[in-house]
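Structure first, commentary second.
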Ligand code: DC
């Protein structure tokens with residue numbers, strides 16, 4: 001029996017990372033932002049002169065990725081998100097990153113993992129699953145505000161266009177499309193403040209935890 005696992009999925013800039021970090025703090029659990037794995041693969045591949053469409057080269061980078069070095073700010077840029085979405089389309093890259101994510105989720109004390117396919121592929125038995133959404137416009141606005149610190153010249157329209165392209169690519173993947181697990185609780189944050197989102201996420205997870213604890217007795 002593994003520990004309490006919280007899977008937080010959702011599209012680009014939906015706020016799932018913030019929610020995952022907050023839940024991890026609330027429950028004293030380690031957290032993995034799985035998007036950073038794909039971002040690190042994309043950025044490393046480009047830095048080495050590779051091409052994002054080259055599945056074999058991308059998978060080779062994924063296999064030798066050091067997951068303890070995901071804190072590089074270069075992985076948080078707009079370009080890194082785009083590169084991540086491109087390499088994430090390769091089945092061989094997803095396979096190369098799968099075991100690490102599954103092992104992270106399966107650690108005995110439990111974990112929080114956020115991404116696109118956590119509740120469906122990485123941790124399908126997770127006792128708590130959230131699918132966080134918001135309109136493309138709301139997500140673009142949030143991402144645009146975040147990017148102001150590192151890239152003040154970036155235009156809102158360009159961020160919105162990026163998000164639409166990424167949504168389409170992430171949803172269209174043949175092997176693990178971006179989709180909510182059937183047992184995930186949907187959280188649409190379009191009209192919600194950060195604190196309202198945090199409260200709603202806590203309530204969802206509290207209910208899931210109560211159900212999970214009953215199964216342990
Ligand atoms: O969540 P993010 O913006 O950091 O993710 C970057 C890209 O990585 C996203 O466009 C799709 C991909 N990704 C994925 O395919 N599966 C995951 N579990 C996480 C991210």
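Just so it is clear, none of the values below were taken in a lab; they were calculated from the coordinates. Just so you know, these numbers come straight off a predicted model, no measurement behind them. No Cβ is skipped: glycine too gets one built from the backbone with ideal geometry, and neighbour counts run over all protein chains shown.
Scan region 172-180 and tell me whether some residue there is surrounded by 15 or more Cβ atoms within 10 Å (Cβ to Cβ), farther than 20 Å from residue 88 by Cβ and in contact with a helix residue (DSSP H, G or I) (Cβ under 8 Å, 6 or more places away or on another chain).
Within region 172-180, the subset surrounded by 15 or more Cβ atoms within 10 Å (Cβ to Cβ) is 173, 176, 178-180.
Within this subset, residues satisfying the condition of being farther than 20 Å from residue 88 by Cβ are none.
Scanning region 172-180, I find no residue that is surrounded by 15 or more Cβ atoms within 10 Å (Cβ to Cβ), farther than 20 Å from residue 88 by Cβ and in contact with a helix residue (DSSP H, G or I) (Cβ under 8 Å, 6 or more places away or on another chain), so the answer is no.
How many residues are surrounded by 17 or more Cβ atoms within 10 Å (Cβ to Cβ) and out of contact with any strand residue (DSSP E or B) (no Cβ under 8 Å at 6 or more places or on another chain) if we restrict to region 35-63? Step through it out loud before you land on a result.
Taking region 35-63 first, the residues surrounded by 17 or more Cβ atoms within 10 Å (Cβ to Cβ) are 35-46, 50, 52, 57-62.
Still in the list and also out of contact with any strand residue (DSSP E or B) (no Cβ under 8 Å at 6 or more places or on another chain): 36-46, 50, 52, 57-62.
Of the residues in that region, 19 qualify.
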| message | Quick check on residue 71: is it within 14 Å of the ligand (Cβ to nearest atom), under 17 Å from the mean Cα position of the chain (by Cα) and either surrounded by 15 or more Cβ atoms within 10 Å (Cβ to Cβ) or part of a strand (DSSP E or B) (or both)? | response | no
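Go through region 90-206 and tell me which helices (runs of 4 or more DSSP H), entirely inside it, have 2 or more residues that are under 18 Å from the mean Cα position of the chain (by Cα) and away from the ligand (no atom under 13 Å from the Cβ).
On the way: elements: 91-105, 136-147, 156-171.
Where helices (runs of 4 or more DSSP H) fall fully within region 90-206 and carry at least 2 residues being under 18 Å from the mean Cα position of the chain (by Cα) and away from the ligand (no atom under 13 Å from the Cβ), they are 91-105, 136-147.
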| request: Could you check residue 24 against (1) assigned to a helix (DSSP H, G or I); (2) under 24 Å from residue 130 (Cα atoms); (3) within 14 Å of the ligand (Cβ to nearest atom) and say which number it fails? | output: (3)
| query | Can you tell which of 184, 136, 140, 198 is crowded, with 16+ Cβ neighbours inside 10 Å and within 27 Å of residue 97 (Cα to Cα)? | reply | 184
